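Below is one structure, written out as structure tokens; comments come after it.
The values are calculated or read from the model by the stated rules, or taken from the named source; none is laboratory data. Since the structure is predicted, the reported quantities are computational estimates derived from the model, not experimental observations. Here the Cβ positions follow ideal geometry from the backbone for every residue, glycine too, while neighbour counts run over all protein chains shown. Ligands, DNA and RNA are stripped out before the accessible areas are found, and what is left, the full protein with its side chains, is counted by its heavy atoms. Shrake-Rupley method; radii C 1.70, N 1.55, O 1.52, S 1.80 Å.
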Amino acid sequence: MAHKKEDWKGELYGDDVREKLEEFAERGWDSIPEEERDEWFSRFKFWGVFHQRSGQESYFMMRLTNCGGVLEPGQLRAIGEVAREYATGPVENPEFGNGYIDLTTRQSIQLHWLKLEDIPEIWEKLEAVGVSSRSAGGDTMRNISGCPVAGKAEEYVESRELLDEIQAEIRGDDDLCNMPRKFNISVTGCRQGCAQDSINDIGLEPAHKIVDGEEIEGFNVRVGGGTGGREPRKARSLDLFVRPEHAKQTVRAFVELYHEEGNRQNRSKNRARFFVDDWGTEKIREELDERLDFEFEHEGTDFRGEYTYNAGKPTERGAHDHVGVYDQKDDRQYVGLSVPVGRLPAADAIELADLATEYGSGEIRLTRRQNPLIMDVPEHDVDALLGESLLSKYTPEPSPFEQGAMACTGTEFCSLALTETKARMAVLLRWLRDNVDVPDDVDRIKMHFSGCTADCGQAMTADIGLQGMRARKDGQMVEAVDVGVGGGIGEEPTFIEWVRQRVPADELPGMLKNLIEAYAALREDGQTFREWVDATGHETIVELAEPEEVTGYEDPCLYDAKGSWYPFDDGESPAPTAADGTPLSADD
């Protein structure tokens, strides 16, 4: 029997949802029948519109879509202006204020505290500069990830045009809008592996073959990767090499196969990684062979041994991310900023857009590590750009802890999360920076914070992964984290192994200090954190990772913020509110 959400989608989904959403927006929040809200909120997600958590009724988040992280000139400024005008809530975040944008781990942007009544006007402003929210959520193909500097920096296989074609012709096809569950596509053309094919539902990775003495460029195909639900999977090889002219149709064939044959009954077991478990790669390859009209070739020689992106390798082997100053292939440079936990106040986003116009082409690229890149900067202008005050705040040379940090939305807005993430991580990063020393050759330790096991913050692939939990301490319920170590992507992806569970949030800094100082003291020269974890052994790591309260750290919301309507406000929720933000009475 199909899940009830399949019935909802069968009645209305995809592009057709927009007209109904606009009708509700015109008539106001109260026009959505209370008994139908779950259905409509589920449908709204296709257009990137998510109802926020309990206690925040009538407020919405909007996720945008920008294939491969590209923001063309003018787009970030428009997004920042929308955030400034519309994305302000009834209370301020003590760390970030009010009115901000969140950079995501799939190279896109989220806006919070939006009113339903404002959505059509927001769309009008964003779409005027080419920004869309279509297919940004729900059971559909999500933002396509790629190398953020595709087309600008050196690639083995050019991928920018392919990314745009997949976006327009596959993700843009309304006949494929209703997938069994969300579906992630990645295309990597470079040798660093920054699109992270290993944790996508289908990933194309650069490869080559020698045929009749000639080197042929193309892609190997991997399927069935993902990290959520504490059932992570590495994407598995189909033993299939596709030439660039066949890449798009190969992606489409697998999308169509999962669309037709994926499980629509059990939503806890119907992501594409479970589909690959059930079918197996050999059967999938055979089915794709039936659907595609070119002769299959066995996989080529890949470049996974050169992958450095979140690969746990020493820095001299290559870039772990895009933070810093790097060369483009046209003799210009790009400058990657570090935005700890990926949150930018609207004013900073607008200033960033203006700097991109002043010093570069105006184009911004977004990475999978929640950081922005200013593109196309002439070499003679780089020093002046680095001297701007905004780049002191979001420096291209951050502390090792800030450079390695990522965090999901957390309980601030998400109904699934068990803990607050972004403000806590920001406070934690400062404390670690000021209180924990690392060797000079350690320029980043990757800490990823997910508020729950859905793992939107990609804790499973971190040096140190944090997932939100709750625990009882001194007779009170407190926010807590499970802590794991040793994850990463690269040539041989690994997922973290848990070392401590339900660590009270105020004991987490001490635990990290103990663990990181042990790493600094016990490591071999040049050994990265991931290498040290592999060499040290699980039992020893558990002993070293001792939770401890510390001085100078005050947790921003220790006492179970999930129980309040907003983690940083103990009062009564004003929600639901009218279009102007005034509370709606129960009698309205």
Exercise. Could you tell me whether the range 437-492 comes out rounded, prolate or oblate from its Cα gyration tensor? Rule is a ≥ b ≥ c as square roots of the eigenvalues, rounded for a/c under 1.5, then prolate if a/b exceeds b/c, otherwise oblate.
Key: oblate
Quiz item: In the range 22-149, what percent of the accessible surface is made up of carbon and sulfur (1.4 Å probe, ligands and nucleic acids excluded)?
Solution: 41 percent
Practice problem: Send over the Kirkwood Rh of the chain, from the inverse of the averaged 1/r over different Cα pairs, rounded to one decimal Å. | Solution: 24.4 Å
Quiz item: Which residues' amide hydrogens lie under 5 Å from the amide hydrogen of Ser132, considering only partners 5 or more residues apart or on another chain, with H built in the peptide plane?
Solution: Thr65
Quiz item: Is the range 85-133 best put as rounded, prolate or oblate by its Cα gyration tensor, with a ≥ b ≥ c the root eigenvalues, rounded for a/c under 1.5, and otherwise prolate when a/b is larger than b/c, oblate when not?
Solution: oblate
Quiz prompt | Axial C-alpha extent at least 24 Å, average Kyte-Doolittle at least -1.0 - helices from the chain (DSSP) | solution = 244-261
Practice problem: Give me the net charge of Gln333's neighbourhood, meaning all other residues with Cβ under 12 Å from the Cβ of Gln333; Lys, Arg count +1, Asp, Glu -1. | Solution: -4
Self-check item: Packing-based ranking, highest mean first, of 297-303, 237-243, 36-42 given that Cβ atoms within 10 Å are counted
Solution: 237-243, 297-303, 36-42
Exercise. Please get the size of the charge dipole for the range 19-167, origin at its Cα centre, with Cβ charges of +1 on Lys and Arg and -1 on Asp and Glu, quoted in debye to the nearest 20.
Key: 400 debye
Quiz item: At a 1.4 Å probe radius, carbon and sulfur cover how many percent of the accessible area of the range 375-521?
Solution: 44 percent
Quiz item: Taking N as the number of residues in the range 318-376, what is its Cα Rg relative to 2.2 N^0.38 Å?
Solution: 1.09
Exercise. Can you bin the range 1-151 into rounded, prolate or oblate? Criterion: square roots of the alpha carbon gyration tensor eigenvalues sorted a ≥ b ≥ c, rounded for a/c under 1.5, prolate for a/b above b/c, oblate for the rest.
Key: oblate
Quiz prompt | Karplus (6.51, -1.76, 1.60) ³J(HN,Hα), θ = phi - 60°, over the range 223-238, in Hz, Gly and Pro reported as x | solution = 9, x, x, x, 10, x, x, 6, 10, x, 9, 7, 4, 9, 5, 8
Practice problem: For the range 408-523, compute Rh as the Kirkwood radius over C-alpha pairs and then the Stokes-Einstein diffusion coefficient at 4 °C and 1.567 mPa s; write the answer in µm²/s, rounded to an integer. | Solution: 89 µm²/s
Self-check item: Protection proxy ranking, peptides 355-363, 548-556, average beta carbon neighbours within 10 Å, highest first
Solution: 355-363, 548-556
Quiz item: With θ set to phi - 60° and the Karplus curve 6.51 cos²θ - 1.76 cosθ + 1.60, what are the ³J(HN,Hα) couplings of the range 210-222 in order, to the nearest whole Hz, using x for Gly and Pro?
Solution: 9, 10, 6, x, 10, 7, 10, 8, x, 9, 8, 10, 10
Quiz item: Which residues' amide hydrogens lie under 5 Å from the amide hydrogen of Arg343, considering only partners 5 or more residues apart or on another chain, with H built in the peptide plane?
Solution: Leu103
Quiz item: How do the peptides 433-443, 328-338 rank, highest first, by the average count of neighbouring beta carbon atoms within 10 Å per residue?
Solution: 328-338, 433-443
Self-check item: Amide H contacts of Glu363 (H built 1.01 Å from N, under 5 Å, at least 5 apart or other chain)
Solution: Met375
Quiz item: Just the C-alpha atoms of the range 1-67: what Rg/Rh do they give, with Rh taken as the Kirkwood radius?
Solution: 0.96
Practice problem: Grab the DSSP H runs of the chain that are 4 residues or longer, score each as -39,500 (n - 2.57), total them, divide by all residues and round the 222 nm result to the nearest 500 deg cm²/dmol. | Solution: -8000 deg cm²/dmol
